[in-house]
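Contents: one structure, followed by commentary.
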Amino acid sequence: MTTGRDVTSAFVGSLLCAYTGQPFDTLKVRLQSLTSNPLSPTSTFFKILRTESTLALWKGVVPTTLGMCVENAVAFGINEQLKRSFPSPLPPFNLGQEGGGRDSFDLQNDVLRPALFGLGTGLCSSFVLISSEVVKTRTQMTTTPVSSVKVTRDILRERGVGGLFVGVDAQIMRDAPFYAVFFGSYEISKFSLHTLSDGRLPEDLNYLLSGGMAGMIGWFVAMPFDVPKTILQSDPKGKVWGGYFPIMVDVARKRGVVNGLFAGLGPTMIRAFPSNAALFLGVEWTKKLFDTTFV
């Protein structure tokens, strides 16, 4: 039952997350892929609307949603299983207004432990996510209407199955640090908001705000690793392994660290809060529904 709860809650959260954040992700991918004279986020946004359509902002949402459902089912499933296998010796936080739990914060159990579990989660989920990421990136880079199914067929025809695994090293380098920071900062945010509000902040609002902040912090840390990944996976001739670090060095040398490795940071940060707030709220709501219905 616990596995079913983890998977279902991740599925619900993923749906909310994907459709909330996809327009910003499309904008991010377009900005990251430009190798010279990149347009501003605003100019890129209106160019998409002017030359394509509003729905173009949701290009790649199907593989994104499918990939995100699988990724988060794996991510939250692994993370919850790690929590159960290596339980904290301390009781959970008291996020509500009524008794139970604790109000103190412990560095080892409340920061290092979820960060370490997040690192392991990222290593596992990167292998699950990579194919949908390749298809999503290639779909988002097209300037004409195209389905993700067609993009997948084109990749298989041109490269075979290996084409769906372009940038394995890039995926690991992006996902491992992201999840380490993502789950660690979520726990810190939950406790901090609870403490600052003197326990009066509603539990669901805490999940919403903490999820949004965790997403922003996680993506800020992962951003320099994400740009080379996007460039590599959008290249029809990109390497399955070994192409990541040369691209990272080349981007930093030609475009600089800020304009190169942090390209698309604005729309990413804007996307990160609502999409991850929706993700965690969906996850926590569904878990509570399972607990009240089946327990």
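Bear in mind these aren't lab numbers, they're just calculated from the coordinates by the rules spelled out. Worth saying up front: this structure is predicted, and the values here are computed from it rather than measured. Here the Cβ positions follow ideal geometry from the backbone for every residue, glycine too, while neighbour counts run over all protein chains shown.
The residues D175, D154, when put in order of fewest to most other Cβ atoms within 10 Å, stand as D154, D175. Each Lys and Arg Cβ is given +1 and each Asp and Glu Cβ -1; about its Cα centre, the stretch 139-295 then shows a dipole of about 640 debye.
Taking the 0 to 90 degree range and rounding to the nearest ten, how far is the long axis of helix 61-85 tilted relative to the main principal axis of the chain, both from C-alpha atoms? It is inclined by approximately 40 degrees. Under a Gaussian network description of the chain, with springs only between Cα atoms under 10 Å, the residue in A272, A252, A263 that fluctuates furthest is A252.
Scanning the chain for trypsin sites (Lys or Arg not before Pro) lying in DSSP loops with no more than 16 further Cβ atoms inside 10 Å, the longest uninterrupted stretch between such sites is 1-199. Summing Cβ point charges (Lys, Arg +1; Asp, Glu -1) relative to the Cα centre of the chain gives a dipole of roughly 1160 debye.
Rounded to the nearest 10 degrees, the inclination of helix 168-196 to the longest alpha-carbon principal axis of the chain is 30 degrees. Model label points for N259 and L156, set 7 angstrom from Cα along the Cα-to-Cβ axis, are 4.2 nm apart. This ranking places M173, M269, M68 by how few other beta-carbon atoms lie within 10 Å of each, fewest first, which gives M269, M173, M68. Dipole check for the stretch 126-222: with +1 at the C-beta of Lys and Arg, -1 at the C-beta of Asp and Glu, and the Cα centre as origin, the magnitude is about 480 Debye. I'd like the distance separating the alpha-carbon centroids of the stretch 251-293 and the stretch 203-225, in whole Å. The stretch 251-293 and the stretch 203-225 have Cα centres separated by 6 Å. Using the Kirkwood radius over C-alpha pairs as Rh, can you work out the diffusion coefficient of the chain via Stokes-Einstein at 20 °C, viscosity 1.002 mPa s, in µm² per second? In µm²/s, the coefficient is 109.
From least to most packed, judged by other beta carbons within 10 angstrom and beginning with the fewest, L164, L281 follow the order L164, L281. Which of F178, F11, L232 sits closest to the plus end of the dipole of the chain, meaning its Cα is farthest towards the positive end, when Lys and Arg get +1 and Asp and Glu get -1 on the C-beta? Most positive-ward Cα: L232. Under 13 Å of direct C-alpha separation, and excluding same-chain neighbours fewer than eight residues apart, K287 reaches these aspartates and glutamates: D6, E80, D204. Taking the chain as a Gaussian network of alpha-carbon nodes connected by springs under 10 Å, the highest mean-square fluctuation of the residues L39, L209, L16 belongs to L39. Placing dummy labels 7 Å off each Cα toward the beta-carbon, the span from D106 to F165 is 4.1 nm.
Within the listed set F11, F86, F191, the Gaussian network model of the chain (springs between alpha-carbon atoms below 10 Å) gives the highest mean-square fluctuation for F86.
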